[in-house]
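Derivation of every value follows stated rules applied to the coordinates shown; laboratory data play no part. Worth saying up front: this structure is predicted, and the values here are computed from it rather than measured. So basically every Cβ, Gly included, is an ideal-geometry build from the backbone, and we count neighbours across all protein chains shown.
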Amino acid sequence: MTSEVDNDDSLVAAARAVVAGSLAAGEYDPELLRRLDSKFTVPTGGLATAPEALVHVPSGRPLHSSGALGAVTVASKRVVRRLLSWYVHPITVDQSRFNEAITMELRRLERRVERIETQVTAAAESDREQS
Amino acid sequence: MTGAVHQLVPVLAQGDGVSAAVLRFRDLLRWRGYRSDVYADLVDRHMRRQAQPAWKLRSETTTDDVVIYHLSIGSPLAAEFAALPAKLVIFYQNVTPVESTAGSSPLLAHRLRWGRADLATLAPIAELGLAASEFSARELRAAGASDVAVVPLQPDLKSLRPRASSPAGRPVLLFVGRFAPHKHQDFLIRVLAALRGTRSADAALVLVGSAEVPEYIQALSAFAERLGVIAGLQLPRGPMSDRELGELYARATVFVCASDHEGFCLPLVEAMAFSLPVIGYNAGAVGETIADGGVVLDDLDPLLWAELAWQASIQGTVRSRLVRAARRRLDAFSDAVVADKLINALSRITSRD
């Protein structure tokens, strides 16, 4: 087995030695090494607006205040939020559950429509073949 | 065993690994004398003859029957499966952790979260848990399944028409899998850049798979442009038939997989069927599936991957050794081996009567 996991890694070790040797000897183009380090950013894409992305309703939004008493204001808001959490949190949980249920139902309907469309297309094709 | 062994799956689609494995299991069960049908919620129109509508299953099963539910994504079918009057078996195809797909598709993330919730519900109530790898079996046990067996998946090789790969001269790296961040196609583009910059300026990388987020393919294309290797990158232009996929396997010189989460990775077995050398990243079940059939690497160093891909591509001792290893490993996924494992696992629940 040529897996490093089982330590039977002669093939991998040989390749590793070739790479290390070439690096040490400066045989690789520095521009290539720089390019290999390029960052790849995963796009968030237009699907960020899919309804499922909005299913979860958070019970709190980020706190901020820009006034002179910013830190005090934020701390006060935090206290108020904590005092009201017994009231707000269950509402957001219920709302999230409702969103989830309605989204699932929409997807179920979407699948049903897809199924019906498929059947209609097949029926139309078969009608065409017969005529 | 007197009853039938049916399978229930949310989606049966052409080009989908889980669907192909479900149909193979059905054929193996029938081969061993069982009555076996596939029931699905959504059926690709090209596969309509292969499955019955899922809603029919309830009226067509009895308590003597076994129903295997394939779980890879959340579905309303999970609740219907749980209420069936049959011996319930869950085949955990693995659900990608949501964190691995961050930023790709909220829709996919939602379905994966749902899939994890289905796993938590179904694992404790299933009489038997099946998984394609020990990696997935561990997750199934952790979710509450008390009896778990490992049964490897089998690709539908007949439709791919496997033959020994006949490389055209230049290194051609191939990866087959859904376009998603956790599959790390971006790393394979780095490997292509390293290979073209160090060993073979005309090396190519072929990426095959479906894309939930078109922007992801565009981003990969832009990344290849930035790395100066766009000319060597082949991206999908649309749906592909099994025959076309078989052509790509036959023309490739090495199969590479840098995915950091796989419940089994069926394309690795397909590559082995084409006598392709296989190089994979040791994450998820990849190391288990490759086992002694290829190279399993613990790190993602594009220069090292490029060197190994080069050696696996050119005619020589390394390539011959890896081709032999791939062919040997394929025996572990033969009809007889997979059918025996499946039947033995199912006999555990049928012998409890």
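Decide, for the range B:158-332, between rounded, prolate and oblate: order the square roots of the alpha carbon gyration tensor eigenvalues as a ≥ b ≥ c, take rounded if a/c falls under 1.5, and otherwise choose prolate if a/b is larger than b/c, else oblate. In terms of gyration-tensor shape, rounded.
Short-range pairs are left out: with C-alpha atoms under 8 Å and at least six residues apart, the relative contact order of the range B:158-332 is 28 percent.
Shape class for the protein assembly as shown: oblate, because the ratio a/c of the largest to smallest gyration tensor axis (alpha-carbon atoms, square roots of eigenvalues) is 1.5 or more and b/c is at least a/b. The distance from the alpha carbon centre of the range B:276-353 to that of the range B:114-132 is 26 Å, rounded to a whole number.
Projected label points at B:Lys158 and A:Glu129, each 7 Å from Cα along the beta carbon direction, are separated by 2.1 nanometres.
Give me a single rounded figure for B:306-319: the average over its residues of other chain Cβ atoms within 10 Å of their Cβ.
Mean shielding count: 2.
With Cα atoms as the point set, the range B:5-151 shows a radius of gyration and Dmax of 14.6, 47 Å.
Need one word for chain A: rounded, prolate or oblate. Basis is the Cα gyration tensor (sqrt eigenvalues a ≥ b ≥ c); a/c below 1.5 gives rounded, then a/b vs b/c decides. Taking the square roots of the gyration eigenvalues as a ≥ b ≥ c, chain A is oblate.
Placing a label point 7 Å from the Cα of B:Arg32 along the Cα-to-Cβ direction, the residues of the range B:311-353 whose backbone N falls under 15 Å from that point are B:333-352. Here the mean projected area of the convex hull built on the C-alpha positions of chain B is 16.3 nm².
Residues whose amide H lies under 5 Å from that of B:Leu130, counting only those 5 or more places away or on a different chain, are B:Ile90, B:Phe91, B:Tyr92, B:Ala149; hydrogens are built 1.01 Å from N in the peptide plane. Rank B:Leu192, B:Val148, B:Gly129 by how far each Cα sits towards the positive end of the charge dipole of the range B:113-197 (+1 on Lys, Arg Cβ; -1 on Asp, Glu Cβ) and give me just the farthest. The residue sitting farthest along the positive end of the dipole is B:Leu192. Here the scattering of the range B:204-243 is modelled by Debye summation over its C-alpha atoms, one equal scatterer each and no solvent; at q = 0.27, 0.30, 0.31, 0.35 Å⁻¹ the log10 of I(q)/I(0) is -0.98, -1.10, -1.14, -1.25. Taken residue by residue and averaged, Cβ atoms of other chains lying within 10 Å of the Cβ of B:286-297 number 4. To the nearest 10 degrees, how steeply does helix B:335-350 sit against the main Cα axis of chain B, on a 0 to 90 scale? So the inclination is approximately 30 degrees.
Across the range B:97-216, counting alpha-carbon atoms alone, Rg and Dmax equal 19.0, 56 Å.
Considering only B:Pro277, B:Ile290, B:Ala51, and ranking their Cα positions along the charge dipole of the protein assembly as shown that arises from unit charges at the beta-carbon of Lys, Arg, Asp and Glu, the one farthest toward the positive end is B:Ala51.
Take each residue of peptide A:11-23, count the partner chain Cβ atoms within 10 Å of its Cβ, and average: the result is 5.
Here is the link list: B:Lys158/B:Lys341; A:Lys39/B:Lys183; B:Lys56/B:Lys158. Which ones come out longer than 25 Å on Cα distance? B:Lys56/B:Lys158, as the Cα separations exceed 25 Å there.
With contacts taken as Cα pairs under 8 Å and at least 6 residues apart, the range B:5-151 reaches a relative contact order of 19 percent. Around the Cα centre of the range B:207-353, unit charges on the Cβ atoms of Lys, Arg, Asp and Glu (plus for the first two, minus for the last two) sum to a dipole of about 500 debye. Only helices enter the 222 nm calculation for chain B: every DSSP H run of n ≥ 4 contributes -39,500 (n - 2.57), and dividing by all residues gives -13000 deg cm²/dmol, rounded to 500.
For a label point 7 angstrom out from the Cα of B:Arg170 toward its Cβ, which stretches of the range B:197-218 have the backbone nitrogen within less than 19 Å? In the range B:197-218, the label zone of B:Arg170 (backbone N under 19 Å from the point 7 Å along Cα→Cβ) covers B:197-208.
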